[in-house]
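Q: Take a look at the following structure, please.
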Amino acid sequence: MIKDDKCIFCKIIEKSIPSKILFENDKNLAFLDIFPVSKGHTIVIPKNHYKNLEEIPNNALSELFEIVKKVSILIHKKLKVDGYNILQNNFRAAGQVVNHYHVHIIPRWNEDGKFKLYIPKKQAKEEELNQILRIIKE
């Protein structure tokens, strides 16, 4: 198993730090977040230590997202939530705090006053989109 002795999630996997586990198998673990955005906020992690999306192998990512789906459905039904966000941050600028790949399942209720993604009302210019497309595709 790939691990980082300084990683809090690796310590949770090893059970040296207690957690409220919702799901566990030989490759993945889902547990309640101790700083929840909402009741039932869950974190799903691979048991191998990968820092971010760029490091996790495709097969491990696919298996992890099967667990994300399974746990999301469980939360939706059991907590009778109106919806949920699936959130995954990469690197500090995007809000990643723990450098162990993880996915948040955040239960949501209508008008809960939590965060919302606001889509800008100003449409991007064709020239700007073409420039970005060229840069990315080079």
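Q: Identify the residue in segment 89-106 that is open to solvent by 50 Å² or more (accessible area, probe 1.4 Å) and not basic (Lys, Arg) and, among all such residues, is nearest to Lys51 (Cα to Cα).
A: Out of the qualifying residues, it is Asn99.
Q: To continue, here is another question. From Ile136, Ile73, grab the single residue that is more than 16 Å from Phe9 (Cα to Cα) and either of a type in the set (Asp, Glu) or open to solvent by 80 Å² or more (accessible area, probe 1.4 Å) (or both).
A: Unique residue meeting the criteria: Ile136.
Q: Please specify each residue of segment 10-34 satisfying the condition of being under 14 Å from the mean Cα position of the chain (by Cα) and either free of Cβ contacts under 8 Å to residues at least 12 places away in the same chain or open to solvent by 50 Å² or more (accessible area, probe 1.4 Å) (or both).
A: Of everything in segment 10-34, just one residue is under 14 Å from the mean Cα position of the chain (by Cα) and either free of Cβ contacts under 8 Å to residues at least 12 places away in the same chain or open to solvent by 50 Å² or more (accessible area, probe 1.4 Å) (or both), namely Leu32.
Q: In segment 51-66, what residues are buried (at least 17 other Cβ atoms within 10 Å of the Cβ) and over 13 Å from Gln88 (Cβ atoms)?
A: Listed by number, the list holds a single entry, Ala60.
Q: Can I ask one more? Checking Ile2 against (1) over 16 Å from the mean Cα position of the chain (by Cα); (2) open to solvent by less than 20 Å² (accessible area, probe 1.4 Å); (3) among the β-branched types (Val, Ile, Thr): exactly one of these is not met. Which one?
A: (2)
The values are calculated or read from the model by the stated rules, or taken from the named source; none is laboratory data. On a predicted model such as this, the values are computed, not experimentally measured, just so you know. Positions of Cβ are generated from backbone atoms using ideal geometry, with glycine treated the same way; all protein chains shown enter the neighbour counts. All accessible areas refer to the heavy atoms of the entire protein, side chains included, with ligands and DNA or RNA removed. Shrake-Rupley method; radii C 1.70, N 1.55, O 1.52, S 1.80 Å.
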